[in-house]
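*Asks:* So that we are looking at the same thing, I have put the structure below in structure tokens.
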Amino acid sequence: MNERINSVETAPSRATLSLDRLRTAPFLNVAVAIVVIYVILTAITGETFNTVNNQITIMRAASVFLILAVGQTLVMTTGGIDISTGSMIGVVGAIVGSGLETGMLDPVLAILVAIVIGAALGAFNGFNITVLGVPPLLATLGTFVAYRGFTQYYMGVNLVTDLPNIVTAVGRAWVLGLPLAVWVALLVTLAGWFVLQRTLYGRYITAIGSNPKAAEATRINVRAITASTYVIQGGLAGLAALVLMGRLNSASAAMGEGIELHVIAAVVLGGTYLFGGRSTMIGTLLGVYVIGMLENGLIQTGAGFFVQRMILGLLIIAAVALQLQQRRSGPV
Amino acid sequence: MFGPRDSAAHALLRLRPAKDREEEMQTETPLLEVIDLEKRFGGVRALQGVSLTIAEGESLALVGDNGAGKSTLVKAIAGVQPADTGQIRLGGRDVSIRSPKDAGALGIEVVYQDLALANSLDVAANVFLGDEPVRFRMGWFSVPDVRKMATETAATLQRLRINIPEPRRPVANLSGGQRQAVAIGRSIRKGNRELLVLDEPTAALGVEEVRKVLALIQTLREQGQTMIIISHDLEHVFSVSDRIAVMRQGRIVATRRTKEVTKTDIVRLIVGDLEGATE
Amino acid sequence: MKRLTTLLAAATLSVAASAAMAQDGPLRIGFVSHQHDITDLFGQLEIGFRDRLDAEGIKYEMFQAAPSASNRHDEMLNILENMANLNLDYMVFGPTSLDQNTQGLVEVANAGTKLLMVDYEPEEGASFPFEDAVLNWSVYNHGEMGEQTGRWIAEHFKAQDKDNANVIMIWGPVASEISQARGNGVLKGMEETEGFTANVIYEGYGNFQRELAYNEVERALIAYPQVEVIVAMNSVMALGSMSALEADGRLDDVVVTGMGGQPDELEMVARGKIGVAVFRDPRSMGANSAEALIMDMQGKTSEIPRVLYTDLRVLDSVESIRTYVPKEMLDIDAKLAE
């Protein structure tokens, strides 16, 4: 089928290679979807949708989802899933929020503390999954319930409001023409992309998700690496909790409830395989944006609330179906 | 020469014809000696005092029915499921193989039947998986030296006379033979691979693919690679082995020089018709 | 030529004159609520709102949004930020939590949108950073609603010569101000009735959802069989609690109380399966909001009352339902005829 003896010597040029890669990129469909949906929404909503301001609004709304989606992408690369993210946000919000309210927690330290608490919650997930062998869906379903229970127990009917300026700045301040929350989310995404695409860690989690036996047969410490994805997801949930607290200028026992399904939908939509081994951080970024754009734009069409919900749900199914279609018919 | 492991050695020799034994005496220390391995799974004795030797550069085929103990033996040698009792000596030294990592460190590599490739990684990533050269060291977050990996992979594949047109594509896209080649390439990439164990290297391949894989094994033989090859297909076994060991019910019932035996003999040994086989 | 100029001038004048009162194009109105159920408060409120605007002949475009659950304050913030980009003239708003929606409301207010607040009442003397944009609050008193329920419960048992009752409280979301105001009102109403003591034996959280209330009650019935009254903090939780009692065969000896007066709930009151539902007329609340909007357009902004309370009615019989529930809201007569 090919006459080349040594493929490296006659490797295709960089340009054709990258074009070829783009053609087969797992996020191709979602990228096309973005353009199509953007054009349609612009056409039917008049002047309000297609403005810089509105696009920034979409990004700002998506920032919390994006931070979580980066962690979820790493987890799903290993073939796992974490549905406890919303509940982890609740716990971090309860502890950090109350600490800030009573003045026991220094506002500058709050960022570090939020991430550390989140990472610890994630580590518990990782332990249950890799050491006790509980399947990820059930392990995180357990903590989904337990962490929320803790939050409600800890917070009761309390509502933390009027957080320190440093915390609200994380959610509200603008830096270099964009909300700080958007910068934070983009930086996390960039770091996630680097880790996934350019480091051993990315290779190892891909190998684990692709074929755990293959990974185990090598020097890769499969358990530790798998567990670490949940730790990272937890740490990012801590960061997301802080951004969310800053945005709402408050924390309550309900914080983060229901957020996880939104995040998982965005990640799968972006082209990450639900069963592990294939993932794309760029796709995740685009997937989060597509859902944000739809939620934002559908309201602006003036469609009734129920119609919006129907369209949103069906479009998500259609987009995921397209993803799977590409995977089946495509070269990979 | 046998010293303290006399009994084991005798157990080994008992089943072998005198001619073999004489030759054995003349050669130097064998590369691998497996002495009196026992392995139980509950009440089942999967290995019942198995002993085996392989000389340097030799290609030994391991044949036998399903459940004869071939996989268990390989898993013991590879450290996946260490044996309960018995000894393994490599290059004349006693070694302890309690995990795949121990085996790897000693230069024992197994290419499993299911290939154990990470389908969504490319050829070089698979060849180097878990053992990547790095450009920038930072633990798990080290940056691998992709260029070096590509060059070395190409060199390895060339040494094996394998052609993979698009090494940057995920290995899921490769044919069965190419995947087998990648798996073997991974195992022999490092110069210090003492022993290569191939578990059913030709299973589930098309005719043309089988031919390529056999040619690959032949290349390895010419390069002096010591190998254990497990196979069901006697045709293949006869084309690439120097010696054939037959397992049955957890024991090695016979070892024969490939040149000096017929397929019919081997089949008889496999099914337990020992009388017929001993000419 | 001269005539043409005059004609043009006249036309321009008349257009300018009518613009003082009427609109250039349709009004842009947002309708954002913490839930959107056609049978419940906001669906009915929207109908009342639209009917009043239609009666006045006002042309408008409406942009609807609601979070996926009543406690999704984060989604509500996203929605409000979106609304701030829509160049809305007015926005009807039913908060998930006034405190947690403040940030978003400030953005909407800064975009020049006038706010028609519904459902939540501002605390006495409270002021908000978005205060200046608020035309009015069309509300009812949740605490009062609770108190009326509590008094009804106390009288109900006293009428049976009992001076106490075992109570299970089914609250809404844990941090919901509405749930707190209503529930505390119930406790207060029972407490303040002389010659009656309430023993709260269990409290569960049903998040204002039917299924969750059902599950809570189903479990509570096993643990606390001595229960005599179940207080649900909204309509659908009352319906869920009722179904659980029915499934357990306890409907005859345990009283369920609801709040709000959603049509299905009222039907069950009429059938005697739910003891009482204190009713606020959502359509008149919507009409009150529309009224404020109309007055603003007519330049009578300063005359709009800041808070408009909707009357509460204690409904515990077919008779009281007939008297106080607007006919068009529910065709309850047809159901009663069954």
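The values are calculated or read from the model by the stated rules, or taken from the named source; none is laboratory data. Note that the structure is a prediction, hence the values are computed from the model and not measured. Quick reminder, even Gly has a Cβ in these numbers, built from the backbone with ideal geometry, and neighbours come from all protein chains shown.
*Asks:* When only residues in segment B:95-153 that are hydroxyl-bearing (Ser, Thr, Tyr) and touching a residue at least 24 places away in the same chain (Cβ under 8 Å) count, which is farthest from B:Gln81 (Cα to Cα)? Working first, answer last.
*Replies:* Filtering segment B:95-153 down to residues hydroxyl-bearing (Ser, Thr, Tyr) leaves B:96, B:99, B:112, B:120, B:142, B:151, B:153.
Cutting the leftovers down to touching a residue at least 24 places away in the same chain (Cβ under 8 Å) gives us B:112, B:120, B:153.
On the way: B:Tyr112: 14, B:Ser120: 28, B:Thr153: 30 Å.
Only one residue fits best here, namely B:Thr153.
For every residue, the table says whether it meets (1) without any contact (Cβ under 8 Å) to a residue 12 or more places away in the chain; (2) in a helix (DSSP H, G or I); (3) touching a Ser or Thr at 6+ places or on another chain (Cβ under 9 Å).
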position	(1), (2), (3)
A:Met104	yes, no, yes
A:Ala110	no, yes, no
A:Leu121	no, yes, yes
A:Gly133	yes, no, no
A:Arg148	no, yes, yes
A:Thr151	no, yes, yes
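*Asks:* Separate question: It is to be established whether one or more residues within segment B:67-84 are within 30 Å of B:Pro165 (Cα to Cα), of a type in the set (Val, Ile, Thr) and within 14 Å of another protein chain (Cβ to nearest Cβ). Spell out the reasoning first.
*Replies:* Filtering segment B:67-84 for residues within 30 Å of B:Pro165 (Cα to Cα) gives none.
No, there is no match, as no residue in segment B:67-84 is within 30 Å of B:Pro165 (Cα to Cα), of a type in the set (Val, Ile, Thr) and within 14 Å of another protein chain (Cβ to nearest Cβ).
One line per residue, one yes/no per condition, for (1) within 12 Å of chain C (Cβ to nearest Cβ); (2) under 13 Å from the mean Cα position of the chain (by Cα); (3) crowded, with 23+ Cβ neighbours inside 10 Å; (4) in a loop (DSSP other than H, G, I, E, B):
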{"residue": "A:Leu239", "(1), (2), (3), (4)": "no, yes, yes, no"}
{"residue": "A:Gly246", "(1), (2), (3), (4)": "yes, no, yes, no"}
{"residue": "A:Met255", "(1), (2), (3), (4)": "yes, no, yes, yes"}
{"residue": "A:Arg309", "(1), (2), (3), (4)": "yes, no, no, no"}
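*Asks:* Being among the β-branched types (Val, Ile, Thr) and within 9 Å of chain A (Cβ to nearest Cβ) is the filter; apply it to segment B:150-170 and report the residue that is farthest from B:Val134 (Cα to Cα).
*Replies:* B:Ile164
*Asks:* I need the full set of residues from segment A:117-171 which are touching a Pro at 6+ places or on another chain (Cβ under 7 Å) and either closer than 20 Å to A:Leu239 by Cα or within 14 Å of chain C (Cβ to nearest Cβ) (or both), in order please.
*Replies:* Answer for segment A:117-171, where residues must be touching a Pro at 6+ places or on another chain (Cβ under 7 Å) and either closer than 20 Å to A:Leu239 by Cα or within 14 Å of chain C (Cβ to nearest Cβ) (or both): A:Pro164, A:Ile166, A:Val167.
*Asks:* I'd like the residue in segment B:171-196 that is away from every other protein chain (no Cβ under 12 Å) and of a type in the set (A, V, I, L, M, F, W, C) and, out of all such residues, is surrounded by the most Cβ atoms within 10 Å (Cβ to Cβ).
*Replies:* B:Ile184
*Asks:* Could you check, for segment B:136-157, whether at least one of its residues is on the phi < 0 side of the Ramachandran plot, in a loop (DSSP other than H, G, I, E, B), modelled with pLDDT under 90 and within 25 Å of the chain's Cα centre (by Cα)?
*Replies:* No, the conditions are met nowhere in segment B:136-157.
*Asks:* Can you give me the number of residues within segment C:145-156 that are surrounded by 22 or more Cβ atoms within 10 Å (Cβ to Cβ) and closer than 13 Å to C:Glu228 by Cα?
*Replies:* 2
*Asks:* Next up: Among the residues of segment A:76-83, is any in a helix (DSSP H, G or I) and modelled with pLDDT of 90 or more?
*Replies:* yes
*Asks:* Just for strands (runs of 3 or more DSSP E) wholly inside segment C:94-207: which have at least 1 residues that are within 14 Å of chain A (Cβ to nearest Cβ) and of a type in the set (A, V, I, L, M, F, W, C)?
*Replies:* Correct list: C:164-171.
*Asks:* Considering only residues that are out of contact with any Leu (no Cβ under 9 Å at 6 or more places or on another chain) and in contact (Cβ under 8 Å) with a residue 40 or more places away in the chain, look in segment B:154-181 and name the one that is nearest to B:Thr202 (Cα to Cα).
*Replies:* Among them, the one singled out is B:Arg159.
*Asks:* So, one more: Tally time: how many residues in segment C:60-87 are surrounded by 24 or more Cβ atoms within 10 Å (Cβ to Cβ), more than 7 Å from every other protein chain (Cβ to nearest Cβ) and not in a helix (DSSP H, G or I)?
*Replies:* Of the residues in segment C:60-87, 1 are surrounded by 24 or more Cβ atoms within 10 Å (Cβ to Cβ), more than 7 Å from every other protein chain (Cβ to nearest Cβ) and not in a helix (DSSP H, G or I).
For (1) more than 7 Å from chain B (Cβ to nearest Cβ); (2) at positive phi; (3) surrounded by 23 or more Cβ atoms within 10 Å (Cβ to Cβ), each residue gets a yes or a no:
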{"site": "A:Leu187", "(1), (2), (3)": "yes, no, no"}
{"site": "A:Phe194", "(1), (2), (3)": "yes, no, no"}
{"site": "A:Gln197", "(1), (2), (3)": "yes, no, no"}
{"site": "A:Asn211", "(1), (2), (3)": "no, no, yes"}
{"site": "A:Ala214", "(1), (2), (3)": "no, no, yes"}
{"site": "A:Thr218", "(1), (2), (3)": "no, no, no"}
{"site": "A:Arg223", "(1), (2), (3)": "yes, no, no"}
{"site": "A:Tyr230", "(1), (2), (3)": "yes, no, yes"}
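*Asks:* Can you tell me which residue in segment B:108-123 is nearest to the other protein chains (Cβ to nearest Cβ), limited to those that are under 14 Å from B:Val74 (Cα atoms) and in a loop (DSSP other than H, G, I, E, B)?
*Replies:* B:Tyr112
*Asks:* Checking C:Lys273 against (1) within 21 Å of C:Phe49 (Cβ to Cβ); (2) outside any helix (DSSP H, G or I), only one condition comes out false. Which one?
*Replies:* Every listed condition holds for C:Lys273 apart from (1).
*Asks:* Any idea which of (1) touching a Ser or Thr at 6+ places or on another chain (Cβ under 8 Å); (2) under 20 Å from C:Asn288 (Cα atoms); (3) modelled with pLDDT of 95 or more is the one C:Ser138 doesn't satisfy?
*Replies:* In the conditions (1) touching a Ser or Thr at 6+ places or on another chain (Cβ under 8 Å); (2) under 20 Å from C:Asn288 (Cα atoms); (3) modelled with pLDDT of 95 or more, C:Ser138 misses (3) alone.
*Asks:* Pull out all pairs, ordered by first then second residue, where Cβ-Cβ is under 6 Å, the residues are six or more apart or on different chains, the first lies in segment C:93-105 and is among the aliphatic types (A, V, I, L, M), and the second is modelled with pLDDT under 90 and part of a loop (DSSP other than H, G, I, E, B).
*Replies:* C:Leu98/C:Tyr120
*Asks:* Going by what's in this entry, would B:Arg221 be described as surrounded by fewer than 19 Cβ atoms within 10 Å (Cβ to Cβ) and either under 18 Å from the mean Cα position of the chain (by Cα) or hydrophobic (A, V, I, L, M, F, W, C) (or both)?
*Replies:* yes
*Asks:* Name the one entry in C:Met259, C:Met285, C:Met268 that is at negative phi, outside any helix (DSSP H, G or I) and in contact (Cβ under 8 Å) with a residue 12 or more places away in the chain.
*Replies:* Just a single option satisfies the conditions, and that option is C:Met259.
*Asks:* Something else about it: Kindly establish whether B:Asn126 is under 30 Å from B:Val207 (Cα atoms), of a type outside the set (Val, Ile, Thr), in contact with a Leu (Cβ under 6 Å, 6 or more places away or on another chain) and facing chain A (nearest Cβ under 9 Å). Before the answer, list the steps.
*Replies:* Working: under 30 Å from B:Val207 (Cα atoms): yes; of a type outside the set (Val, Ile, Thr): yes; in contact with a Leu (Cβ under 6 Å, 6 or more places away or on another chain): yes; facing chain A (nearest Cβ under 9 Å): yes.
When the stated conditions are applied, B:Asn126 passes them.
*Asks:* Okay, next question. Look at segment B:164-177 and say how many of its residues are modelled with pLDDT under 85 and assigned to a strand (DSSP E or B).
*Replies:* Within segment B:164-177, residues that are modelled with pLDDT under 85 and assigned to a strand (DSSP E or B) number 0.
Yes/no per residue for (1) surrounded by fewer than 16 Cβ atoms within 10 Å (Cβ to Cβ); (2) in contact with a Phe, Trp or Tyr (Cβ under 8 Å, 6 or more places away or on another chain):
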{"site": "A:Ala119", "(1), (2)": "no, no"}
{"site": "A:Leu138", "(1), (2)": "yes, no"}
{"site": "A:Arg148", "(1), (2)": "no, no"}
{"site": "A:Gln152", "(1), (2)": "no, yes"}
{"site": "A:Val175", "(1), (2)": "yes, yes"}
{"site": "A:Val182", "(1), (2)": "no, no"}
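*Asks:* Same structure again: Quick one: A:Leu274 ticks every box in (1) touching a residue at least 24 places away in the same chain (Cβ under 8 Å); (2) aliphatic (A, V, I, L, M); (3) away from chain C (no Cβ under 14 Å); (4) assigned to a helix (DSSP H, G or I) except a single one, so which number is it?
*Replies:* All conditions pass for A:Leu274, except number (4).
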